[in-house]
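The values are calculated or read from the model by the stated rules, or taken from the named source; none is laboratory data. All values derive from a computational prediction rather than experimental measurement. Every residue, glycine as well, gets a Cβ built from its backbone with ideal geometry; the counts of neighbours run over all protein chains shown. All accessible areas refer to the heavy atoms of the entire protein, side chains included, with ligands and DNA or RNA removed. Shrake-Rupley method; radii C 1.70, N 1.55, O 1.52, S 1.80 Å.
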Amino acid sequence: MSTKEEEYRDIFLTEAIENFNEINRLLIVLEKNPEDIKSVHALFRITHTLKGNATGMGFEHIAELAHVLEDLFGAVREGKVIISSEMFVSVYKAADILNELIDAVKNPREVKYRGIKTKLEVMLRSALAERSQSIDETVPAASGYENAIAPELLDMLQNDDEDHIDTATKLSFSHLVQVPVQKLDNLLNLVGELVIERDRIIASGMHSASEYSRLNRISSDLQYSVMDVRLVPVDFLFNKFHRIVRDAASKEEKNVSLKLKGTETEIDRNILQVISDSLIHLVRNAIGHGIEKPEARKQSGKPEYGTVTLEASSESDIVIIAIQDDGGGIDAARIRKRAVEKGILTLADASQWSDRDIIMLIFEPGFSTMDEVTSLAGRGVGMDVVKRALDSIGGTVHIETKVGEGTTFFLRLPSSMAVKATLLFELDNETFAIPLSYTERVISVYKSDIHTVANGLITVYQGRTISLIFLNDLFRQERSSMATLERFHPEAKLEIVVVSFNGRLVGFIVDKLLQQKEIIEKPLQKPADGVSFISGVTILGNGKVCLVLSIPGILNTVNHTQHNKISL
């Protein structure tokens, strides 16, 4: 049995044991008050759920017995049957054997159940027949089925079942424990505090770092073990999209099928929760904007059914989710034209921007290329929501498209929000952190290789021209970058952190590069939570507070400022 199958079996056992315990509790309530219709409804739902879960897992014996109980409680719910004292005895015995069947999944053995199953079927048929006879005297007193098996034989079969169980001394326990997510978050916070304290002790220098190697290893193992508990497979979310695709395709009068790939990929539950709305927007966008009508697809030589594919994969500590459609693709020329019409870009700027930069305009609030508003598209909302959600967790989006063939959105997400890999650097003797998920490379550039263009600084990196920003100038908003550059010696080398955001490269000039470090980031508290340049804080081993830069916040501000300058 594979690890995944064992995991599903354990989940089934946990739920089945809970169902059995709830059945026992409700039977006691119902026996004391046979008129308690709420208990009857609950028993019907529980046995129906247990039957469905057992069928899905291939445990047919459990499903068969649960199905008989479901029929019985269904008849009681509809007022067709009243449970007698004799029937209660048989139902309790059926519940005990059901417990034995559940336990046999964990500890394989033969459990006889057909005797009690048959007796319940006969009792149910007999009760239904008696009710039918009381309504219409022309109906026979019984269907004949219950007479086919003598009562003595039923008792013998039931007793044979009972010989294999000892319900008085057996209690079932699951190997799984359900824990509220909030408790996991609190545990992770405590582990984070432990890691910070560990780093502080090691940094104090009272003893050599080797003396703390065991403490370092144990605390790291504890940290990653807690993080691992928070991971869930993406099929937890992906499987919900079958209905979403069906409803969206129906509204648009299109034929669309959904394919899922890489559903076993694991990601932090909190991240999955944050991006769930974003995935809905992207899938609906693929159907509304991408997939063509059946007639148009036929004319293009495509199958009548369009396909939307959700695929997940992992690379190191990054999870990549791809949303692909085989529709008409994104026409950059159309977006360029609409951007000029809406005044987002001037005609001169639009002609200079690359197709990749132009396509990224679809994430601007209120931007849409649709001429008519439909139930799914045309309002200019949705894609900016995707962008904001990704920015909030340090994710990025990349688009690949070809007109007439389709579009793929690649979402790069951190696998966990608990620990963030960062690069530490200094500005004015203060330490800052920048997330490695945005860091492209660290380079050193001579002053002579930096040039001024339109009141800004640029340099060439791997054949590409990138803008340069003195972070001190940005934070202080006092000096121009050119004036700052003039203060350096002509042969000076400047340390630059090259970051990538929305497919564009920008270089941050810093005073000194320190090291890479995994940190426990804490959110900013009021009133500092509105600072766009900072995403959070952490505490270093020396006890000092370190601010974590928000790359989306910084570059969105810079791009807005540069856009205003160009427009002027």
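Among the candidates V195, V226, V274, V256, which residue alone is closer than 30 Å to D331 by Cβ and surrounded by 14 or more Cβ atoms within 10 Å (Cβ to Cβ)?
Values: V195 fails: closer than 30 Å to D331 by Cβ; V226 fails: closer than 30 Å to D331 by Cβ; V274 fails: closer than 30 Å to D331 by Cβ.
The match here is V256.
Could you pull out the residue among I434, I458, I466 that is assigned by TED's automatic domain parsing to the domain that holds G507, at pLDDT 90 or above and within 15 Å of G507 (Cβ to Cβ)? Before you say what the answer is, go through the steps one by one.
On the way: I458 fails: at pLDDT 90 or above; I466 fails: at pLDDT 90 or above.
It is I434.
I want to confirm something. Restricting to the range 111-122 and keeping residues that are farther than 10 Å from L65 by Cβ, in contact (Cβ under 8 Å) with a residue 40 or more places away in the chain and open to solvent by 20 Å² or more (accessible area, probe 1.4 Å), which single residue is nearest to the chain's Cα centre (by Cα)?
K112
So I244 passes all but one of these: (1) over 30 Å from R198 (Cβ atoms); (2) buried (at least 17 other Cβ atoms within 10 Å of the Cβ); (3) touching a residue at least 40 places away in the same chain (Cβ under 8 Å). Which condition number does it fail?
In the conditions (1) over 30 Å from R198 (Cβ atoms); (2) buried (at least 17 other Cβ atoms within 10 Å of the Cβ); (3) touching a residue at least 40 places away in the same chain (Cβ under 8 Å), I244 misses (2) alone.
Report whether or not G541 is surrounded by fewer than 18 Cβ atoms within 10 Å (Cβ to Cβ), assigned to a helix (DSSP H, G or I) and either under 26 Å from the mean Cα position of the chain (by Cα) or of a type outside the set (A, V, I, L, M) (or both). Talk me through it step by step, then tell me what you get.
Numbers: surrounded by fewer than 18 Cβ atoms within 10 Å (Cβ to Cβ): yes; assigned to a helix (DSSP H, G or I): no; either under 26 Å from the mean Cα position of the chain (by Cα) or of a type outside the set (A, V, I, L, M) (or both): yes.
Answer is no for this residue.
For the range 316-353, which residues satisfy the criterion of being within 30 Å of K261 (Cβ to Cβ) and at pLDDT below 85?
S316, D317
Under the condition of being closer than 30 Å to D103 by Cα and hydrophobic (A, V, I, L, M, F, W, C), which residue from the range 175-192 is most open to solvent (accessible area, probe 1.4 Å)?
Per the criteria, the residue is V177.
Regarding L310, is this residue open to solvent by less than 60 Å² (accessible area, probe 1.4 Å), in contact with a helix residue (DSSP H, G or I) (Cβ under 8 Å, 6 or more places away or on another chain) and without any contact (Cβ under 8 Å) to a residue 60 or more places away in the chain? I'd like the intermediate steps shown before the answer.
Numbers: open to solvent by less than 60 Å² (accessible area, probe 1.4 Å): yes; in contact with a helix residue (DSSP H, G or I) (Cβ under 8 Å, 6 or more places away or on another chain): yes; without any contact (Cβ under 8 Å) to a residue 60 or more places away in the chain: no.
So L310 fails the test.
So which helices (runs of 4 or more DSSP H) are wholly in the range 198-310 and hold at least 2 residues that are modelled with pLDDT of 90 or more?
Details: elements: 213-229, 235-238, 241-252, 269-285, 294-299.
Helices (runs of 4 or more DSSP H) meeting the threshold: 241-252, 269-285, 294-299.
Between R9, R25, R77, which is of a type outside the set (A, V, I, L, M) and over 36 Å from the mean Cα position of the chain (by Cα)?
Values: R9 fails: over 36 Å from the mean Cα position of the chain (by Cα); R25 fails: over 36 Å from the mean Cα position of the chain (by Cα).
The match here is R77.
Of all residues being open to solvent by 70 Å² or more (accessible area, probe 1.4 Å), in a strand (DSSP E or B) and modelled with pLDDT of 85 or more in the range 495-534, which is nearest to Y461 (Cα to Cα)? Just the residue, please.
Only one residue tops the list, namely K512.
Which of (1) at pLDDT 90 or above; (2) surrounded by fewer than 19 Cβ atoms within 10 Å (Cβ to Cβ) does I97 not meet, given it meets every other one?
(2)
Name the single residue that is least open to solvent (accessible area, probe 1.4 Å) among those in the range 467-484 being without any contact (Cβ under 8 Å) to a residue 24 or more places away in the chain and polar (S, T, N, Q). It would help to see each step written out before you state the result.
So in the range 467-484, the residues without any contact (Cβ under 8 Å) to a residue 24 or more places away in the chain come out as 473, 476-479, 483-484.
Cutting the leftovers down to polar (S, T, N, Q) gives us 477, 484.
Details: Q477: 151, T484: 5 Å².
The selected residue is T484.
With G328, G343 as the choices, which residue is open to solvent by 10 Å² or more (accessible area, probe 1.4 Å), under 32 Å from the mean Cα position of the chain (by Cα) and farther than 30 Å from F236 by Cβ?
Working: G343 fails: under 32 Å from the mean Cα position of the chain (by Cα).
Sole residue among the options that is open to solvent by 10 Å² or more (accessible area, probe 1.4 Å), under 32 Å from the mean Cα position of the chain (by Cα) and farther than 30 Å from F236 by Cβ: G328.
Let me spell it out: the conditions are (1) free of Cβ contacts under 8 Å to residues at least 40 places away in the same chain; (2) in contact with a helix residue (DSSP H, G or I) (Cβ under 6 Å, 6 or more places away or on another chain), and R487 meets all of them except one. Which number is the exception?
Checking R487 against (1) free of Cβ contacts under 8 Å to residues at least 40 places away in the same chain; (2) in contact with a helix residue (DSSP H, G or I) (Cβ under 6 Å, 6 or more places away or on another chain), the one that fails is (2).
I want to confirm something. Restricting to the range 83-127 and keeping residues that are part of a loop (DSSP other than H, G, I, E, B) and of a type in the set (S, T, N, Q), which single residue is nearest to V40 (Cα to Cα)? Step through it out loud before you land on a result.
The first filter runs over the range 83-127 and keeps only residues part of a loop (DSSP other than H, G, I, E, B), leaving 83-84, 107-113.
Applying the additional criterion that residues be of a type in the set (S, T, N, Q) yields 84, 107.
Numbers: S84: 14, N107: 31 Å.
Result: S84.
Open to solvent by 40 Å² or more (accessible area, probe 1.4 Å) and in contact with a strand residue (DSSP E or B) (Cβ under 9 Å, 6 or more places away or on another chain): is that true of T459 in this structure?
Working: open to solvent by 40 Å² or more (accessible area, probe 1.4 Å): no; in contact with a strand residue (DSSP E or B) (Cβ under 9 Å, 6 or more places away or on another chain): yes.
Judged against the criteria, T459 is not a match.
Can you find a residue in the range 50-63 that is of a type in the set (F, W, Y), in a helix (DSSP H, G or I) and either more than 27 Å from L231 (Cα to Cα) or touching a residue at least 24 places away in the same chain (Cβ under 8 Å) (or both)?
Checking the range 50-63: not a single residue is of a type in the set (F, W, Y), in a helix (DSSP H, G or I) and either more than 27 Å from L231 (Cα to Cα) or touching a residue at least 24 places away in the same chain (Cβ under 8 Å) (or both).
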